[in-house]
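Visitor: Next up is a structure, given as C-alpha cells.
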Amino acid sequence: MIVRIALLLVFTAFALFFSVDLLLWLAIPGLPNLLTQLGLVTLMIAFGILLSAGLFIIIKLTLATFFNYVSTKERLERRLLFINVKQEQLKQLFYFKTIQVNYFSELKRKRLLQANNKQHLKSLSKVINKDLQSLKKHLPKSQYLQLHQVYRQSLKQQNIEALLKLQTEITTLN
Amino acid sequence: MTRLKNWTFALVKLFHSIKDENLQWQEKNQEQENKLKHNRVLASKALEADLKKRSVQLEHDINLLRTKNETELTLFKTKCQQDIKDYKQYLTALDKLKRSIQSSYTHLPEAVAFTIHHHAKHLLNQMWEAKDFEQKMLHEMQLINFMTTVHEEARRYLEGTSNTSLPEKTLHLIQRKQINSE
C-alpha cells in the first residue's frame, strides 16, 4: 500500500513536470514556477515515503528475526542440536581414547619384547664370541674372518635368526 | 471548488465503505480467527513441551553415554594392563623354559636352547598379534603344547626315563612348524 502511494506520488510529480512543460510551451507565466515547486515537493515526499517504508521493513524484519532467535522454540532446537553434537563428540572421543590406550599398550609390549630380545641377544653373542675365540686356532684364517664378519654384521643388525644359524654352524665345526 | 469537494466526499465515502466491509468481514470471521489463534498457541506450546522433553531425554542419554564410555574405557585400560602383565609373565616363563633346558641338557649346544626359546617366543608373538579370536586360541594351544612338551621332555630326561639325549619331540615340533610356515 505504501509503495502504491509512493508510486502514485511519483507519477503525480511527473504529471506536474509535464504540465509545467505544457504551460511553458503555451507561454503562460507565473504558474510553471509554482507547479515546479509543487512537483519537486511531491517527488521528495514520494522518495521520503519509500525510504521510510524501506527502513521500517528492515527494522521490522530485524526485530522479528531477533525475537524468533530468542524464542523458546528456537532456543530448545539449538539446545537439541548442541546435545546431538556433544553426543557425537563423546562417541568420537571414546573411539580415539580407545585407540590411544591400545597404542600405548602395544608400545609397552614391544618395549618389553625388545628388552627381552636384547638380553637374549647379548647372551647369545657372548656364547658365539666365546666359541669363535676357541675355534680361532683350529680354523683357517679366512674362514675365521668370514665367520667373525657374519657375527659382527648379525649383531649390528640385531638379527637373532642369523646369529642362531651362525651358532649352529659353529657347533657343527666343533 | 465544488467538484473538488465532491471528489473529497466520494473519496471519504469510499474509505468508510472499505472500513465497513473490513469490519463486517472481521465480525463474520472473528470466531474462526480466534480459534485459529488458539490452535496456533496450543500447537506452539505442544511443540515447546515436546522439544523440552526431547532435550531432557537427550541430556539423560548423554550422561548415560558418558558414564558408559568412562566405564568401558576403564575396563579397556585394565584389560590392556592385564595383557601387558600376562605378556611379561609369558616372557618370564619362556626365560625359565630356556634355563630349564640349559640346566637339564648340560651337553646340549647353546644354539639348540636358543632356538627352542626363540621358537617359543615366536609362537607367543603370533598368539598376541592374532586379530581373530579363533586364531588366537589356536596359537595359544600351540604355545602351551610346545611348553608342555619341553618341560615334559626335560623332566623325563632328568628322571632318566627318556631314551634320547636330545629333546627330540620339541625339535620335531619346531621342524613341523617351519615346514608348515614354508
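Visitor: Only one of (1) in a helix (DSSP H, G or I); (2) of a type in the set (Val, Ile, Thr); (3) farther than 30 Å from residue A:83 by Cβ; (4) without any contact (Cβ under 8 Å) to a residue 40 or more places away in the chain fails for residue B:106. Which number is that?
Guide: (1)
Visitor: If you go through region A:32-56, how many residues are over 14 Å from residue A:8 (Cα atoms) and surrounded by 14 or more Cβ atoms within 10 Å (Cβ to Cβ)?
Guide: Result for region A:32-56: 5.
Visitor: Still on this structure: Looking for something at the interface with chain A (Cβ under 10 Å from one of its Cβ atoms) and either part of a helix (DSSP H, G or I) or within 18 Å of residue A:128 (Cα to Cα) (or both) - is there at least one such residue anywhere in region B:127-135?
Guide: Among the residues of region B:127-135, at least one is at the interface with chain A (Cβ under 10 Å from one of its Cβ atoms) and either part of a helix (DSSP H, G or I) or within 18 Å of residue A:128 (Cα to Cα) (or both), which makes the answer yes.
Visitor: Any residue at all in region B:77-98 that's more than 10 Å from chain A (Cβ to nearest Cβ) and surrounded by fewer than 10 Cβ atoms within 10 Å (Cβ to Cβ)?
Guide: Scanning region B:77-98 turns up no residue that is more than 10 Å from chain A (Cβ to nearest Cβ) and surrounded by fewer than 10 Cβ atoms within 10 Å (Cβ to Cβ).
Visitor: List the number of the failed condition for residue A:90; all other conditions in (1) within 9 Å of chain B (Cβ to nearest Cβ); (2) more than 23 Å from the chain's Cα centre (by Cα) hold.
Guide: With respect to (1) within 9 Å of chain B (Cβ to nearest Cβ); (2) more than 23 Å from the chain's Cα centre (by Cα), residue A:90 is out only on (2).
Visitor: Only residues that are surrounded by 12 or more Cβ atoms within 10 Å (Cβ to Cβ) and part of a helix (DSSP H, G or I): list them for region A:57-77, please.
Guide: The answer is A:72, A:73, A:74, A:75, A:76, A:77.
Visitor: From the residues in region A:104-113 that are surrounded by 11 or more Cβ atoms within 10 Å (Cβ to Cβ) and farther than 12 Å from residue B:88 by Cα, which one is nearest to the other protein chains (Cβ to nearest Cβ)?
Guide: Looking at the filtered set, the residue picked out is A:105.
Rule-based calculations on the coordinates, nothing more; no lab input. Not measured: the values here are computed from a predicted model. Using ideal geometry, Cβ is built from the backbone for each residue, glycine included, and neighbour counts are taken over all protein chains shown.
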